[in-house]
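In what follows, a structure is listed as structure tokens, so that the remarks can point back to it.
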Amino acid sequence: MQIDTYDPGDFYDELFEGVGTPRSQAAPLINRIKSLSIDELQQRQAAAQSALFKLGATFNVYSDNQGTERILPFDIIPRVVSAPDWEWLERGLKQRIRALNLFLDDIYNDQNILKDGVIPAEIIQSSKGFLEPCKGFSPPHGIWCHITGTDLVRDRDGQWYVLEDNLRCPSGVSYVLENRRVMKTTFPLVFNQLPIMPVDDYPSQLLETLLNLAPSGLPDPTVVVMTPGTYNSAYFEHSFLAQQMGIELVEGRDLVVADGYLQMRTTKGLQRVDVVYRRIDDDFLDPQAFRSDSMLGVPGLMEVYRQGRVALANAPGTGVADDKVIYAYVPKMVEYYLNEEQIIPNVPTYLCWEPADQAYVLDHLDELVVKAANESGGYGMLIGPHATEEERAAFAEKISAQPRNYIAQPTLTLSRVPTLVGDRFEGCHVDLRPYILYGKEIYVSPGGFTRVALRKGSLVVNSSQGGGGKDTWVIANPSQSPSQQQSQS
Amino acid sequence: MLSRVAESIFWLNRYVERAENIARFIDVNLNLSLDSPLGVDQQWSPLVNTSGDQSFFKEHYGEANVETVIQFLTFDTRYRNSILSCLKLARENARSVREIISSEMWEQVNDFYMMVKDASVTSISEYSPFFNEVKMASHLFAGVMNATMSHNEGWHFGEMGRMIERADKTARILDVKYYILLPSPRDVGTPLDDLQWIALLKSVSGYEMYRKRQHRISPQEVASFLILEREFPRSIQFCLLQTERSLHCITGGSQGVWQNPVERELGKLRSELDYLTIEEITKIGLHEFLDQTEISLNSVGERIFETFFTLEPVHV
């Protein structure tokens, strides 16, 4: 099937308005695809995959001790985001991060939002991500979430929603950078015709964000990336980011608390570390403060952190806002802290601990998606319309037993992008994860990681569940200065 | 540089060099067996004896012959020092320092590992070019590292790893010859003996270089060449000189003066070889001397570990 007979069907398609009518921002891309034969496209697809493998953009397969690495399946048909859409999304994401950050600072200090009754206190108290040891702490410049990867989705009518906030250790940004590098060689002509916003300055922006956290008065602060180690599935990304920023990649065993500071073991003795971009979870950071069985962390780290002698990004404790019950209160947070109306809406969410909501959810399980409040990666989830009677019954029991731990949302029909499957184009469902950095200012990397559900008809885009990736092209606004546009390559 | 990173680069190079030298061990014995008179079987047990783990071998293989010894030293993943195990460890070390080494180094060590892994599921005949390929892949790795990685602190740790490993293995290869000679001392000086020494030189790629220097093959001169020669890159003394050079590049201290236990231990060993003659070595006994050298090299390795890779535990 050629691209001009591709049928978007009864879905919102990111590239087509209807059969044979590309959206205006995607037209040069579709023209180029039309000019290539399926054979040629398949060859370019294979070349792109093998380039990614050579670049080492791989993730580990947990269950395999042969040291097998796989690349995330990559599709060469990009997703294109129009300039007005992006301008709106960027404003919305900045607003959301500002509100979430004020919320985090508030609940670990004055808790005004609880005192004013906007969010019930017991919801915070019962959240797994709420860390008692962080109470009374104020991180440098009052910023808690320095690196965020917000998941966005689009429903059948094209409406954007925020699905998840991911304020802990969002991964995937290395794919954005590597996919772009590969796409420039896949469709060089289209890059010449479209003002695609560049993504290459992410590592520089990230480094600036991290340097901004260093205790003041240090002429040359030491910034490191901290990884759980080579067996972590995102190890490639940790190593890649350290390399791109030119900083050390450390493991817990490289670090030690000595003389009141965090130090790393070097061939010339201990050396002080000032800022840690940690890619390990809160629970594992410091066995003295959190999980005592953690072999990955550094004993005493939290004490040094509390004294302001080392900065951590993200700050411990941000996970409380990843709780899907607390997510439901973000619109209220925006109103409470910013006195604004939320720009990008939440997906409507039913809270099972509220009796009316729970009754509705139990009545409509076959229409809803039910999610555990504190799971991620597509785990602990029921997709009502696709589930069996037994699966729904099992979830109904879980909901009644632990209502606080479950929320439900209507089943969205995620938007689609044509995807090269074998020798034909098929519409596959996608989401979008832009990366937001909160340093001196808030920076949103243009585009983000488009995850695509490669299993036919599947709505689950997680890499652990058969998902793949696509490049995301944000078309620059003509009014933006040329320096912000794609360098022609 | 992080201690862990320095240690990984050190071991990455040691393991690659170790894999190469095991291939050389096997190669010399295969060559010798081709030259043996008919009816005289080449001995394979000395390879097991010098490689270290005799009881493991006995338990899992029983008799030492060409098949069992090749399987054991090349592909046995239960044995830590088989070629395949070494490359697996080399690759793991490389993977943990990928952001420090060049991508070409990573690619080469990865390809090297894959090549041996693929070979492990086929059967290796004793005449296959496999052992030569292992040798060349190791040279390629060293060349790639030399040509693509900055000659910085990490590079010098790698160089030390490779040179210490090579010195140790050259000592062991010489020692194998000593074992092989033992049962028939009456062969000393016969044409068969000559052939064996030539095979030995070839196994360390030293035959041509030796000829240019000495012309005539004599056991004493071959031993002297492999121990004391300052210019041949696989002789023990050459390796010690290179290790010392890299060590002083790392510490910034000048040669001939020591500031830490590694410099002292290594300097002692190297300067001893500066002034020893082969006659003195023979008087000590070649086997005894080589044994002592291996012990000293071990001790240098331990000092490197203590000085650079571990720090005293800190109490808070």
Filter segment A:290-319 down to the residues that are more than 13 Å from chain B (Cβ to nearest Cβ), among the small types (G, A, S) and more than 19 Å from A:L104 (Cα to Cα) and list them by number. A:S292, A:S294, A:G297
For segment B:197-222, which positions are assigned to a loop (DSSP other than H, G, I, E, B) and surrounded by fewer than 19 Cβ atoms within 10 Å (Cβ to Cβ)? B:S205, B:H215, B:R216, B:I217, B:S218
Of the conditions (1) away from chain A (no Cβ under 14 Å); (2) in a loop (DSSP other than H, G, I, E, B), the single one that B:E133 does not satisfy is (2)
Would you check if there is a residue in segment A:335-350 being of a type outside the set (V, I, T) and within 14 Å of chain B (Cβ to nearest Cβ)? no
Do you know which residues across segment A:393-442 are without any contact (Cβ under 8 Å) to a residue 12 or more places away in the chain and over 27 Å from A:R168 (Cα atoms)? A:A393, A:A394, A:E397, A:A401, A:G422
Tell me yes or no: at least one residue of segment B:99-113 is small (G, A, S), more than 14 Å from chain A (Cβ to nearest Cβ) and either surrounded by fewer than 16 Cβ atoms within 10 Å (Cβ to Cβ) or within 18 Å of B:V66 (Cα to Cα) (or both). no
Just checking, how many residues over segment A:432-442 are touching a strand residue (DSSP E or B) at 6+ places or on another chain (Cβ under 6 Å) and modelled with pLDDT under 95? 0
Consider segment B:77-98. How many of its residues are surrounded by 20 or more Cβ atoms within 10 Å (Cβ to Cβ), within 12 Å of another protein chain (Cβ to nearest Cβ) and among the β-branched types (V, I, T)? 1
Just checking, does segment A:232-240 include any residue being surrounded by fewer than 23 Cβ atoms within 10 Å (Cβ to Cβ), under 20 Å from A:G129 (Cα atoms) and more than 9 Å from chain B (Cβ to nearest Cβ)? no
Which of the following residues is within 23 Å of B:H151 (Cα to Cα), surrounded by fewer than 20 Cβ atoms within 10 Å (Cβ to Cβ) and more than 14 Å from chain A (Cβ to nearest Cβ): B:G267, B:G285, B:G253? B:G267
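Quick one: which residue in A:Q205, A:Q243 is more than 22 Å from A:P446 (Cβ to Cβ), part of a helix (DSSP H, G or I) and not hydrophobic (A, V, I, L, M, F, W, C)?
The unique qualifying residue is A:Q243.
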Residue check: is B:L241 in a helix (DSSP H, G or I) and within 15 Å of B:H156 (Cα to Cα)? yes
Being in contact with a strand residue (DSSP E or B) (Cβ under 9 Å, 6 or more places away or on another chain), closer than 23 Å to A:L167 by Cα, surrounded by 23 or more Cβ atoms within 10 Å (Cβ to Cβ) and away from chain B (no Cβ under 14 Å): is that true of A:L249 here? no
Taking A:D254 and the conditions (1) touching a helix residue (DSSP H, G or I) at 6+ places or on another chain (Cβ under 8 Å); (2) surrounded by 18 or more Cβ atoms within 10 Å (Cβ to Cβ); (3) more than 13 Å from chain B (Cβ to nearest Cβ); (4) of a type outside the set (S, T, N, Q), which numbered condition does it fall short on, given that it satisfies the others? (3)
Pick out, from segment B:1-120, the helices (runs of 4 or more DSSP H) lying fully within it that include 2 or more residues that are assigned by TED's automatic domain parsing to the domain that holds B:G143 and in contact with a Lys or Arg (Cβ under 7 Å, 6 or more places away or on another chain). B:3-35, B:83-95, B:103-120
Scan (1) at pLDDT below 95; (2) buried (at least 23 other Cβ atoms within 10 Å of the Cβ); (3) polar (S, T, N, Q) for the single condition A:Q484 breaks and write down its number. (2)
Quick one: in segment B:93-146, which of the residues that are within 21 Å of the chain's Cα centre (by Cα) and of a type in the set (S, T, Y) is modelled with the lowest pLDDT? B:Y113
Could you tell me whether A:N374 is polar (S, T, N, Q) and in contact (Cβ under 8 Å) with a residue 40 or more places away in the chain? yes
Across segment A:135-183, what is the number of residues that are out of contact with any strand residue (DSSP E or B) (no Cβ under 8 Å at 6 or more places or on another chain), in a loop (DSSP other than H, G, I, E, B) and surrounded by 18 or more Cβ atoms within 10 Å (Cβ to Cβ)? 3
Looking at segment B:274-289, is at least one residue more than 22 Å from B:G206 (Cβ to Cβ), not β-branched (V, I, T) and not in a helix (DSSP H, G or I)? yes
Would you say A:V199 is part of a loop (DSSP other than H, G, I, E, B) and buried (at least 21 other Cβ atoms within 10 Å of the Cβ)? yes
May I ask you to list the residues in segment A:268-279 that are buried (at least 22 other Cβ atoms within 10 Å of the Cβ) and either hydrophobic (A, V, I, L, M, F, W, C) or within 11 Å of chain B (Cβ to nearest Cβ) (or both)? A:V273, A:V275, A:V276
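The values are calculated or read from the model by the stated rules, or taken from the named source; none is laboratory data. Model, not experiment: these values are computed from the prediction. Glycine gets a Cβ as well: all are built from the backbone with ideal geometry, and neighbour counts include every protein chain shown.
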